[in-house]
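A short worksheet on the structure shown next.
The values are calculated or read from the model by the stated rules, or taken from the named source; none is laboratory data. Computed from a predicted model, the values in this text were never measured in an experiment. Neighbour counts run over all protein chains shown; Cβ positions are idealised from the backbone, glycine included. For the accessible areas, the whole protein counts, side chains as well, though only heavy atoms, and no ligand, DNA or RNA atoms are used. Shrake-Rupley method; radii C 1.70, N 1.55, O 1.52, S 1.80 Å.
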Amino acid sequence: MSKQNKPNIIWISTHDTSAKNLGCYGDKFSHTPNIDSLATNGIRYANAFTAGPICSPSRTSIFTGMHPTTLGTHHHRSAVVRPNYVQLITTILKNAGYTCTKPDTDLNLYISPDEYDDFLDPEKIWDKKHSAAPFFAYFKLGSPHASVFKLEPKDARKERSKLLKENQLHDPANAPVPSFIPNTPLFRERYALFYDAVTNMDKEVGGILSKLKENGLMDNTAIVFWGDHGTGYPRGKIHAYDDGLHVPLIIRFPKSHQYLAPTKPGSTVSDLVMHMDLAPTTLRLAGIPKPDHMQGHDLCLTENTLNRDFVCSARDRLDNNPEMTRTIRTISYRYIRNFFPHQPYASFYPDGGFFSAIPAVGTPDRDFWETSQLPGKEKIHDPDGVFLLLEFPNQQGLPSEYQKYLCWQNKKPLEELYDIKNDPEEIHNLASEPSFEKLKNSLREELFNWMIETKDLGLIDEIEIASRAAHYNEVNHEVGRHCNNFQRILETADLSRLGEKSRDELLNRLKDPDSAVRFWAVTGLSTLKSDKCLTKTFKPLLDDESSCVRLAVANQLVGLGRGLMTIPAFSRELKSKILWNRLRAGAYLSYHSRENLKHMKPLLPILRTASTNQNIIGQGHESVGKNNRSRNMLDSQRDVITKQWVLDRVIRRIELS
């Protein structure tokens, strides 16, 4: 394809917006005329899903065309070295003659000066001096970001809906509150502010479309509108349900390239797609072959188009919260496997839970309760929904009728299964229903096969990946490529599903030569009935050669009331130069009770030193990290999430214990 025949390509992304929040996807409360018009003149994908419900893994998959779990970019705000052949989509297009805007920097990758400095800011793309070459432009619109939920109406008006007239604001009284969220004035107010922000974002989309028309570019420009993941309310963003994973995707093929469109303008495609498909699809539009490593599918019309039977997504660490959830979605059902069922859904779970009274202000109990939450205004932003507790009379906890919803509990079921057509909110878990046993087993098998085939690095703990990557020039992806033990690791991770029948085999696997197997043996035992006899079994593992095993064991021993014996193990990791080791040590401690934390006071000096530790990663990352253009994200991981949200909070919890 000659340069003259190549189309311009525009990506327009929105933050934290589920597909169901847009008018063209059926939301009657939403007002999105520009996006709706784009759908009328383009193709709307009714079943588009993201690789993960968190921004940085999700966006990394879009810019690389790979599953984050294969590339090793599945943990939020991580610093990952990639193979040289894995290039960002912007770099591939630039090397093919496109004028490109800068890539997103909220990726879990190092971004070099060559991948960033010579790329344009989005608004510069309209400059006539760039018109000789076809262009690729990426516009990132942030009005609907979850942080809108922490804003007062006057602040939201200034920051998130300034393009709207007063008569375009949404009436909180009519906000469509999900059944699993308490229908309160505060939530309706904040949800209406979110919808105002969505309409504000729609107006920004309209501004981009107007620029294309003014410059006579509509006929030769492909326009792609997509969301990174779901809405920022409780059980949306960060969770492995449709509310977190079902995203809007609209592609308007230009007149010059309608022959590549899978159907005519104004149509809806119901096939299961993933938004990491955008990378190979964009390359196809540009006439560039899809690299072999890309796992996304080309959505353009092709004789070899393969419709998916299912899509798989992953939820891993967010901020303080070590997590591993895997899910498979067909047209009709969603199956979820929670590998850390002993942990709550909420990253910041309130002491006493969502249904207990909040201690009175000014009391020691209230001071300790506050340390289980994000500090200051961030508490309102929290997508876990803690801010809703503060609205009820006498702060007695959420109403008891909400106890039936899993998202408010202090632990998760091992498995979840939902009938999407009859239960679109995914609130009736069918996993224990005998009539669905065959379907559940089939979906689990498909999911596990996908995990093995794609070499799911979530099966190897985050800090263990960092340790193993040192043998492969720090490249996480190579850890997966060289691991020949995924089957046994997954088998071990799944053993706890068998309940007490798995105890003996889990105990046996504590001696396995593979540290990943030992980690899952410890984790599996933690999901079973508490057994203080484990103290003798666990104690030698405090000196295990693997940091992830040492910390997992230390975490369990603190829960068994034997915190004093874990001080050396926690101290060792808190002194590490590796940020992820310090973060994990603090994160484990942050979930423990006041009673158990009173034994951890000897750790206070070490925690205070760890809180000021400026090291992020080991020496092997220095060459790629020196001029990293996404450095601000890593600094935030160290200075805000690790220091303020985890270590300083743990220090205060131990002081008050």
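Computed values, structure above
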| read-out | value |
| --- | --- |
| Count - residues of region 353-382 that are part of a loop (DSSP other than H, G, I, E, B), open to solvent by 20 Å² or more (accessible area, probe 1.4 Å) and either closer than 20 Å to D316 by Cα or touching a residue at least 24 places away in the same chain (Cβ under 8 Å) (or both) | 5 |
| Tally, over region 1-24, of residues that are surrounded by 23 or more Cβ atoms within 10 Å (Cβ to Cβ) and part of a helix (DSSP H, G or I) | 2 |
| Residue check, S623 free of Cβ contacts under 8 Å to residues at least 60 places away in the same chain, surrounded by fewer than 21 Cβ atoms within 10 Å (Cβ to Cβ) and more than 20 Å from R652 (Cα to Cα) | yes |
| Residue within region 268-282 that is hydroxyl-bearing (S, T, Y), out of contact with any helix residue (DSSP H, G or I) (no Cβ under 8 Å at 6 or more places or on another chain), within 30 Å of R315 (Cα to Cα) and buried (at least 20 other Cβ atoms within 10 Å of the Cβ) present | yes |
| Verdict on F225 being open to solvent by less than 10 Å² (accessible area, probe 1.4 Å), in a strand (DSSP E or B), over 17 Å from A146 (Cα atoms) and in contact with a helix residue (DSSP H, G or I) (Cβ under 9 Å, 6 or more places away or on another chain) | yes |
| Out of P344, P393, P399, sole residue that is buried (at least 17 other Cβ atoms within 10 Å of the Cβ) and out of contact with any Ser or Thr (no Cβ under 8 Å at 6 or more places or on another chain) | P344 |
| Conditions (1) buried (at least 24 other Cβ atoms within 10 Å of the Cβ); (2) touching a strand residue (DSSP E or B) at 6+ places or on another chain (Cβ under 9 Å); (3) in a helix (DSSP H, G or I); (4) not aliphatic (A, V, I, L, M): number failed by T73 | (3) |
| Residues satisfying the stated conditions in region 330-341, i.e. open to solvent by 10 Å² or more (accessible area, probe 1.4 Å) and either out of contact with any Lys or Arg (no Cβ under 6 Å at 6 or more places or on another chain) or free of Cβ contacts under 8 Å to residues at least 12 places away in the same chain (or both) | T330, I331, Y333, F340 |
| Residues being under 25 Å from the mean Cα position of the chain (by Cα) and of a type outside the set (A, V, I, L, M) - total across region 27-65 | 19 |
| Matching entry among R468, R488 (being in a helix (DSSP H, G or I), closer than 22 Å to Y110 by Cβ and not aromatic (F, W, Y)) | R468 |
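Quick grid of which residues meet (1) within 19 Å of A493 (Cβ to Cβ); (2) open to solvent by 20 Å² or more (accessible area, probe 1.4 Å):
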{"site": "L439", "(1), (2)": "no, yes"}
{"site": "L443", "(1), (2)": "yes, no"}
{"site": "N449", "(1), (2)": "yes, yes"}
{"site": "I452", "(1), (2)": "yes, yes"}
{"site": "R468", "(1), (2)": "yes, yes"}
{"site": "H471", "(1), (2)": "no, yes"}
